[in-house]
1. Taking one equal scatterer on every alpha-carbon of segment 57-126, how large is log10 of I(q)/I(0) by Debye at q = 0.12, 0.19, 0.20, 0.21 1/Å?
2. Could you provide, to the nearest whole Å², the per residue accessible area of segment 54-126 with probe 1.4 Å?
3. For segment 66-105, would you read off the P(r) tail past 15 Å as a percentage of all alpha carbon pairs?
4. What percent do you get for the relative contact order of segment 65-126 when only Cα pairs under 8 Å and 6+ apart count?
5. Figure the gain on full extension for Thr81 and Met32 (residue separation times 0.36 nm, minus the Cα-Cα span) and round it to one decimal in nm.
6. Can you pull out the GluC sites (Glu not before Pro) in segment 16-115 whose DSSP state is coil and whose Cβ has at most 14 other Cβ atoms within 10 Å?
7. Give the carbon-plus-sulfur fraction of the accessible surface of segment 42-126 in %, rounded to a whole number; probe 1.4 Å, heavy atoms of protein chains only.
8. Would you mind computing, in nm to one decimal, how far apart the modelled labels at Lys64 and Asn93 are, each placed 7 Å from Cα along Cα→Cβ?
Amino acid sequence: NLQSPLVEGTGIVFESSQDKKLSKPATMRVRMTDIIFEAMRSLNECVYVGEDVRHGGYYLVTDKLFETFPERVHDFPPDETMLIGVGMGYAHNGLLPIVEIPYAKYLDCAADMFFESVITSWCTNG
């Protein structure tokens with residue numbers, strides 16, 4: 001069982017379907033999936049964007065996410081700069097984007113757009 005950090009003090013406990021199947025501690029991937037599902041369930045403005053995320057994404061972190069939230073899971077071509085830009089656009093329109101960039105190797109490709117989003121947020125006061 002995992003105590004919800006998003007609904008602190010409510011006593012809501014999120015039970016992973018994986019917990020029943022595993023006799024040993026869950027992997028990081030399973031816990032990441034649990035937290036993403038929890039965020040999507042509790043926050044209607046939360047959207048998930050990334051590469052191949054409708055099919056489980058890399059390492060199956062988003063496994064079954066598209067089936068559960070089809071209108072809030074969006075696939076995009078492999079372009080990290082664009083993914084950060086899409087996340088920035090969603091945020092400016094009142095949504096809460098979770099942007100998946102699966103490999104740290106490509107974070108430098110998105111750095112310019114990330115810094116642009118920080119400056120834009122500062123210049124517009126949020």
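1. Debye output, listed in q order: -0.36, -0.84, -0.91, -0.98.
2. The answer is 65 Å² per residue.
3. When every Cα pair of segment 66-105 is considered, 45 percent fall beyond 15 Å.
4. Relative CO of segment 65-126 lands at 33 percent.
5. 15.3 nm
6. Within segment 16-115, the qualifying GluC sites (Glu not before Pro) (loop, at most 14 other Cβ atoms within 10 Å) are Glu45, Glu71.
7. The nonpolar share, carbon plus sulfur, comes to 60 percent.
8. So the two model labels end up 3.0 nm from each other.
The values are calculated or read from the model by the stated rules, or taken from the named source; none is laboratory data. Note that the coordinates shown come from a computational prediction; the quantities given were computed from them, not determined experimentally. Methodologically, a virtual Cβ is constructed for each residue, glycine included, from the backbone with ideal geometry; neighbour enumeration extends over all protein chains shown. Areas reflect the complete protein model, heavy atoms only, side chains present, ligands, DNA and RNA absent. Shrake-Rupley method; radii C 1.70, N 1.55, O 1.52, S 1.80 Å.
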